[in-house]
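Engineer: One structure follows; several queries about it will come next.
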Ligand SMILES: Cc1cc2nc3c(=O)[nH]c(=O)nc-3n(C[C@H](O)[C@H](O)[C@H](O)COP(=O)(O)OP(=O)(O)OC[C@H]3O[C@@H](n4cnc5c(N)ncnc54)[C@H](O)[C@@H]3O)c2cc1C
């Protein structure tokens, strides 16, 4: 339960709120659309809700492709305003009609079109921020000379920048060696952005910090060209693994969206009678890739989508495929978008849970990952459909973990003890007994650091 909720009308209201909270040593928490899945906007704190009033688009510069927004702006409102100039904001979570830009910055959000435009961090130019101690700053990329000047000038600002520089200098090699090079690395603090090769970008380093470091008062965002024409290549494969194996070949064509679904999703949709007319539009196969190609003209988009189909057909990997547009393409997207609804409660199956959601992987190895993952599920007699942003390496799954029946479970959540067996998730040691002590932290295979 929050200590209180503040709905500021102006940035000055926020500054006053933070000053009062600081005076009383009270914690604060930002809230945008409140659509986060992991409790990011719930806490015993003074909750600052940016969505009601601080939701203005302050400017759009089509030449520089920069939009300046208050944090409460809903993504679709920005996209509608940018669309007038043939531009868009690339990352588009499924909650795009209600999530805010402040929340996207908090979570480093991604979406179907991140495959063409990257994560939110890749699309932030500058942030105007407020710290708990009342300091207002505009942050972004910082040249080495500028960094030295800021630190030399001292004060609280100099102190903060010196602290960040020290973190960078102390951990640079470990960050380079250990941060996985995958497009969906959105967990944890974005320290890689402080490396010299990334321009000591304080704005991008703050993206993904879930409101734990600063409040974002305004954001300067990069917009990208929005291809006015789209076609959808719908590709059917023997199974989802064969589909995932072809992700690198499809990526070489520069899609604006690349999603995958498996036959279990289709089966679950049938059982729930979800979008039966959409399912009728799927080509033959047991695993599918949906490849959205863009173009400046309808012919260009069509040609690019056909090239994807032709290439894969020549490689002999397709069971069936066609190019969809307009209403037909919309129908096919319904299959992908039904994912969450279709997999949560399937008639005749135990409830499935989001404990392994949003697995971030190397898209070039999506097929290997899915094969190993399915073997792991089978080992424990678990079930679940795999689908999601294959082109970006982000896989969704809900698993029918039998939580209430698990050994050690008691209805009082506090009395959970470790189950009979556990094992390292992917190809690690085989199950060990509960007598085994929690293993010592292992060494990172790439830099020998203790992880
Ligand atoms: C059905 C469903 C589908 C989803 N699909 C996706 C998806 O495809 N991709 C994806 O990335 N996410 C997805 N999400 C998660 C979530 O919707 C997104 O991450 C979204 O961008 C969060 O925006 P929000 O405005 O709701 O943020 P909130 O939940 O309000 O906040 C998110 C974080 O940002 C912080 N924050 C908010 N405003 C500020 C501010 N002004 N200053 C500092 N910190 C701030 C908050 O404290 C919090 O830590 C999904 C969620 C649901 C329920």
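Engineer: If residue 301 satisfies all but one of (1) surrounded by fewer than 21 Cβ atoms within 10 Å (Cβ to Cβ); (2) more than 16 Å from the ligand (Cβ to nearest atom); (3) on the phi < 0 side of the Ramachandran plot, what's the number of the condition it fails?
Structural biologist: Checking residue 301 against (1) surrounded by fewer than 21 Cβ atoms within 10 Å (Cβ to Cβ); (2) more than 16 Å from the ligand (Cβ to nearest atom); (3) on the phi < 0 side of the Ramachandran plot, the one that fails is (1).
Engineer: Turning to a different aspect of this structure: Check whether at least one residue in the stretch 283-297 is within 16 Å of the ligand (Cβ to nearest atom), within 24 Å of the chain's Cα centre (by Cα) and modelled with pLDDT of 95 or more, and report yes or no. Reasoning before the result, please.
Structural biologist: Step one: filter the stretch 283-297 for residues within 16 Å of the ligand (Cβ to nearest atom), giving 290, 292.
From what's left, within 24 Å of the chain's Cα centre (by Cα): 290, 292.
Checking which are modelled with pLDDT of 95 or more leaves us with 290, 292.
Scanning the stretch 283-297, I find at least one residue that is within 16 Å of the ligand (Cβ to nearest atom), within 24 Å of the chain's Cα centre (by Cα) and modelled with pLDDT of 95 or more, so the answer is yes.
Engineer: Here are the criteria: (1) in contact with a strand residue (DSSP E or B) (Cβ under 9 Å, 6 or more places away or on another chain); (2) surrounded by 21 or more Cβ atoms within 10 Å (Cβ to Cβ); (3) not in a helix (DSSP H, G or I). Tell me which single one residue 346 does not satisfy.
Structural biologist: Going through (1) in contact with a strand residue (DSSP E or B) (Cβ under 9 Å, 6 or more places away or on another chain); (2) surrounded by 21 or more Cβ atoms within 10 Å (Cβ to Cβ); (3) not in a helix (DSSP H, G or I) one by one, residue 346 breaks only (1).
Engineer: Inspect the stretch 77-91 for any residue being part of a strand (DSSP E or B), in contact with a helix residue (DSSP H, G or I) (Cβ under 8 Å, 6 or more places away or on another chain) and more than 10 Å from the ligand (Cβ to nearest atom) and give the result as yes or no. Let's see the steps before the verdict.
Structural biologist: Step one: of the stretch 77-91, the residues part of a strand (DSSP E or B) are 87-88.
Those left that are additionally in contact with a helix residue (DSSP H, G or I) (Cβ under 8 Å, 6 or more places away or on another chain): 88.
Still in the list and also more than 10 Å from the ligand (Cβ to nearest atom): 88.
Within the stretch 77-91, one or more residues are part of a strand (DSSP E or B), in contact with a helix residue (DSSP H, G or I) (Cβ under 8 Å, 6 or more places away or on another chain) and more than 10 Å from the ligand (Cβ to nearest atom).
Engineer: Only one of (1) away from the ligand (no atom under 16 Å from the Cβ); (2) over 20 Å from residue 110 (Cβ atoms); (3) in contact (Cβ under 8 Å) with a residue 40 or more places away in the chain fails for residue 252. Which number is that?
Structural biologist: If we test residue 252 against (1) away from the ligand (no atom under 16 Å from the Cβ); (2) over 20 Å from residue 110 (Cβ atoms); (3) in contact (Cβ under 8 Å) with a residue 40 or more places away in the chain, just (3) comes out false.
Engineer: Out of all the residues in the stretch 74-92, which are out of contact with any strand residue (DSSP E or B) (no Cβ under 8 Å at 6 or more places or on another chain) and touching a residue at least 40 places away in the same chain (Cβ under 8 Å)?
Structural biologist: 83
Engineer: Among the candidates 95, 142, single out the residue that is surrounded by fewer than 24 Cβ atoms within 10 Å (Cβ to Cβ), in a loop (DSSP other than H, G, I, E, B), touching a residue at least 12 places away in the same chain (Cβ under 8 Å) and near the ligand (Cβ under 10 Å from one of its atoms).
Structural biologist: Working: 142 fails: near the ligand (Cβ under 10 Å from one of its atoms).
Checking each option against the conditions leaves just 95.
Engineer: Additional query: Looking at 367, 355, 388, 384, which one is surrounded by 15 or more Cβ atoms within 10 Å (Cβ to Cβ) and assigned to a loop (DSSP other than H, G, I, E, B)?
Structural biologist: Values: 367 fails: assigned to a loop (DSSP other than H, G, I, E, B); 355 fails: surrounded by 15 or more Cβ atoms within 10 Å (Cβ to Cβ); 388 fails: assigned to a loop (DSSP other than H, G, I, E, B).
Within the list 367, 355, 388, 384, the selection yields 384.
Engineer: Of the residues that sit in the stretch 21-48 and are surrounded by fewer than 16 Cβ atoms within 10 Å (Cβ to Cβ) and away from the ligand (no atom under 12 Å from the Cβ), which one is nearest to residue 133 (Cα to Cα)?
Structural biologist: 22
Engineer: Another question, if that's okay. How do the strands (runs of 3 or more DSSP E) wholly within the stretch 3-54 filter down when requiring 1 or more residues that are within 20 Å of residue 98 (Cα to Cα) and more than 26 Å from the chain's Cα centre (by Cα): which remain?
Structural biologist: Numbers: elements: 4-6, 28-31, 46-49.
Strands (runs of 3 or more DSSP E) meeting the threshold: 4-6.
Engineer: Hey, which of the strands (runs of 3 or more DSSP E) in the stretch 196-274, taking only ones fully inside, have at least 3 residues that are under 17 Å from residue 370 (Cα atoms) and at pLDDT 95 or above?
Structural biologist: Working: elements: 215-222, 229-237, 257-262.
Strands (runs of 3 or more DSSP E) meeting the threshold: 257-262.
Engineer: When the residues of the stretch 99-121 are filtered to those that are within 7 Å of the ligand (Cβ to nearest atom) and in a loop (DSSP other than H, G, I, E, B), which remaining residue is nearest to residue 390 (Cα to Cα)?
Structural biologist: If we filter the stretch 99-121 for residues that are within 7 Å of the ligand (Cβ to nearest atom), which is where we start, we get 99-100, 102-107, 109-111.
Pick out the ones that are also in a loop (DSSP other than H, G, I, E, B) and you get 99, 109-111.
Working: 99: 23, 109: 16, 110: 13, 111: 11 Å.
Looking at the filtered set, the residue picked out is 111.
Engineer: Identify all residues within the stretch 63-73 that are without any contact (Cβ under 8 Å) to a residue 60 or more places away in the chain, more than 8 Å from the ligand (Cβ to nearest atom) and in contact with a helix residue (DSSP H, G or I) (Cβ under 9 Å, 6 or more places away or on another chain); write none if there are none.
Structural biologist: 73
Engineer: Within the set of pairs 6 or more residues apart or between chains, which connect a residue that is closer than 17 Å to residue 74 by Cα inside the stretch 99-124 to a residue that is within 6 Å of the ligand (Cβ to nearest atom) and assigned to a strand (DSSP E or B) with Cβ atoms less than 6 Å apart?
Structural biologist: If the second residue must be within 6 Å of the ligand (Cβ to nearest atom) and assigned to a strand (DSSP E or B), the pairs left are 102/216; 105/216.
Engineer: Here's something else I'd like to know. Residues that are farther than 22 Å from residue 131 by Cα, more than 14 Å from the ligand (Cβ to nearest atom), more than 25 Å from the chain's Cα centre (by Cα) and without any contact (Cβ under 8 Å) to a residue 60 or more places away in the chain: does the stretch 155-165 have at least one? Give the derivation first.
Structural biologist: Applying the first criterion (farther than 22 Å from residue 131 by Cα) to the stretch 155-165 yields none.
Checked against the condition, which is being farther than 22 Å from residue 131 by Cα, more than 14 Å from the ligand (Cβ to nearest atom), more than 25 Å from the chain's Cα centre (by Cα) and without any contact (Cβ under 8 Å) to a residue 60 or more places away in the chain, the stretch 155-165 yields no hits at all.
The values are calculated or read from the model by the stated rules, or taken from the named source; none is laboratory data. Source: prediction; values computed, not measured. Every residue, glycine as well, gets a Cβ built from its backbone with ideal geometry; the counts of neighbours run over all protein chains shown.
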